[in-house]
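Scroll down for the structure; my scribbles are underneath it.
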Amino acid sequence: MRIEKIQDNAFMLRGKIKEISDYHDIKALIEKMRKNGINEVYFGIPQAKEISFYILGYWLKLARKNDFKLHLFIESPLLYSNIVKLGFSEFLEVIDGRLEEYIQPI
């Protein structure tokens, strides 16, 4: 996975998002943002067909216990459907579409 910064709190997650190192990278990024007082992040996910349960669990914990707002822009119909079926859309904003349609790069 590669993390590409779009804005201060908007990122593209490119490639497969299923390794433990991906979890550590995303967690380090979010924890750094939280230390700087940012409690909302936008992730564009253009290619991934699945996301590690470590990452999904971490995002769920942030949303439910820490009032952190996560917005996921998912382009894969399969991944979008699975995330919604698992009920994550109740705690995270899950959007079927491209991040670039909502946020302009800096």
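Tabulated values for the structure
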item	result
Contour minus Cα-Cα distance for Ile38 and Lys69 (0.36 nm per residue)	10.2 nm
Sulfur and carbon atoms: percent of accessible area, the chain [1.4 Å]	48 percent
Relative contact order (%) - criterion: Cα under 8 Å, at least six apart; region: the chain	27 percent
Candidates Leu86, Leu60, Leu70, ranked by Gaussian network fluctuation over the chain, Cα under 10 Å, top entry	Leu86
Selected from Tyr58, Tyr23, Tyr80 as most flexible by GNM, with the chain as the system and alpha-carbon contacts under 10 Å	Tyr58
The chain - Rg and Dmax from Cα coordinates, angstrom	12.5, 34
Per residue accessible area in Å² of the chain, where ligands, DNA and RNA are left out and the probe is 1.4 Å	59 Å²
Nearest-0.05 FRET efficiency for Phe53 and Lys85, computed from C-beta distance (R0 25 Å)	0.95
Antiparallel bridge percentage (DSSP; both residues within region 1-91; nearest 5)	35 percent
Listed residues Lys16, Lys32, Lys69, most fluctuating in the chain (Gaussian network, C-alpha, under 10 Å)	Lys32
Student exercise, region 1-104 dipole from Lys, Arg, Asp, Glu Cβ charges, in Debye to nearest 20	360 debye
Relative compactness, region 14-74, computed as alpha-carbon Rg over 2.2 N^0.38 Å	1.07
Lys, Arg +1 and Asp, Glu -1 on Cβ, resulting dipole of region 11-62 about Cα centre, debye, nearest 20	40 debye
Shape category assigned to region 1-40 from the gyration tensor of Cα positions, a/c cut at 1.5	oblate
Flagged links, alpha-carbon separation over 23 Å, of Lys16/Lys65; Lys32/Lys61; Lys5/Lys85; Lys32/Lys85	Lys16/Lys65; Lys5/Lys85; Lys32/Lys85
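The values are calculated or read from the model by the stated rules, or taken from the named source; none is laboratory data. Here the structure is a predicted model, which is why all the values come from computation and not from measurement. As a convention, Cβ positions derive from the backbone with ideal geometry for all residues, glycine included, and neighbour counts pool all protein chains shown. Heavy atoms of the whole protein, side chains included, go into the accessibility calculation; ligands, DNA and RNA do not. Shrake-Rupley method; radii C 1.70, N 1.55, O 1.52, S 1.80 Å.
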